[in-house]
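Colleague: Dumping the structure here so I can ask a few things about it.
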Amino acid sequence: MTDFKALLRTLADAGVEFILVGGVAGTVHGATRLTLDVDAVYRRSPANIERLVLALTPHHAYLRGAPPGLPFRWDAATIQRGLNFTLTTDIGDLDLLGEIAGGGTYEDLLPHCVPIQVFGVGRSAPPPGRAGSHTGNAGLRLRRGWDEVGSLWADD
C-alpha cells in the first residue's frame with residue numbers, strides 16, 4: 001500500500017524538484033479518483049537526479065512488475081540513461097516521469113503551476129481563473145522542503 005504522504009515528504013525533504021500529476025494530483029485538486037501510486041514529472045538536471053537517487057535509495061527503489069532478483073541499480077547513471085520509471089519502494093509505488101504526453105517535461109509544465117497546500121506543504125491558492133476545476137490533468141510541485149511553495153497546475 002502506498003503511503004502518499006511519506007513519498008511526498010521523502011522527495012520534498014531531499015529537495016527533489018518534481019510536479020505531481022495523475023490521480024493524487026487530481027484528488028488534491030478536488031477530483032474523486034482512486035489511485036494506487038504517485039505519479040511525478042521530475043526535473044532531469046544532474047543535481048536533481050542525484051537528489052532523487054539519495055531520496056529513494058533508503059526505500060529500496062526497484063522496478064515495479066520486474067521479477068525478484070533482476071539486476072537493477074538505482075543510481076544517477078540509470079536515471080540519466082532512462083526517462084520514465086515505474087518503481088516500487090518500501091513506502092509505496094511511484095511513477096517517475098521525465099516527460100508526459102500532452103504536457104512535456106518539468107520545464108514545460110512549470111510555468112503552468114500555482115501555489116497550493118497539501119499535507120501541510122506550501123501555501124494555498126487556487127489556479128487563476130480556474131478555481132473549482134476538476135480535471136484529471138492536474139499536478140502539484142513540491143520544492144526543497146515543507147516551508148517552501150508547492151504548485152498545482154490544471155489544464156482545462
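The values are calculated or read from the model by the stated rules, or taken from the named source; none is laboratory data. Note that the structure is a prediction, hence the values are computed from the model and not measured. Reconstructed Cβ throughout: ideal geometry from the backbone, glycine too, with neighbour counts over all protein chains shown.
Colleague: Here is a check on your reading of the model: is Ala31 in a loop (DSSP other than H, G, I, E, B) and out of contact with any Asp or Glu (no Cβ under 6 Å at 6 or more places or on another chain)?
Modeller: yes
Colleague: Look at the range 15-42 and say how many of its residues are in contact with a Leu (Cβ under 6 Å, 6 or more places away or on another chain), among the small types (Gly, Ala, Ser) and at pLDDT 85 or above.
Modeller: Matching residues across the range 15-42 total 1.
Colleague: Can you tell me which residues in the range 48-61 are touching a strand residue (DSSP E or B) at 6+ places or on another chain (Cβ under 7 Å) and surrounded by fewer than 16 Cβ atoms within 10 Å (Cβ to Cβ)?
Modeller: His60
Colleague: Considering the range 34-49 alone, what residues qualify as being part of a strand (DSSP E or B) and either on the phi > 0 side of the Ramachandran plot or of a type in the set (A, V, I, L, M) (or both)?
Modeller: Val38, Ala40, Val41
Colleague: Inspect all residues belonging to the range 66-79 and state whether any of them is touching a residue at least 12 places away in the same chain (Cβ under 8 Å) and under 25 Å from Cys113 (Cα atoms).
Modeller: yes
Colleague: How many residues are in contact with a Leu (Cβ under 7 Å, 6 or more places away or on another chain), of a type outside the set (A, V, I, L, M) and not in a loop (DSSP other than H, G, I, E, B) when one looks only at the range 50-76?
Modeller: 1
Colleague: I need the full set of residues from the range 3-47 which are under 17 Å from Gly82 (Cβ atoms), out of contact with any strand residue (DSSP E or B) (no Cβ under 6 Å at 6 or more places or on another chain) and surrounded by 19 or more Cβ atoms within 10 Å (Cβ to Cβ), in order please.
Modeller: The answer is Val16, Arg43.
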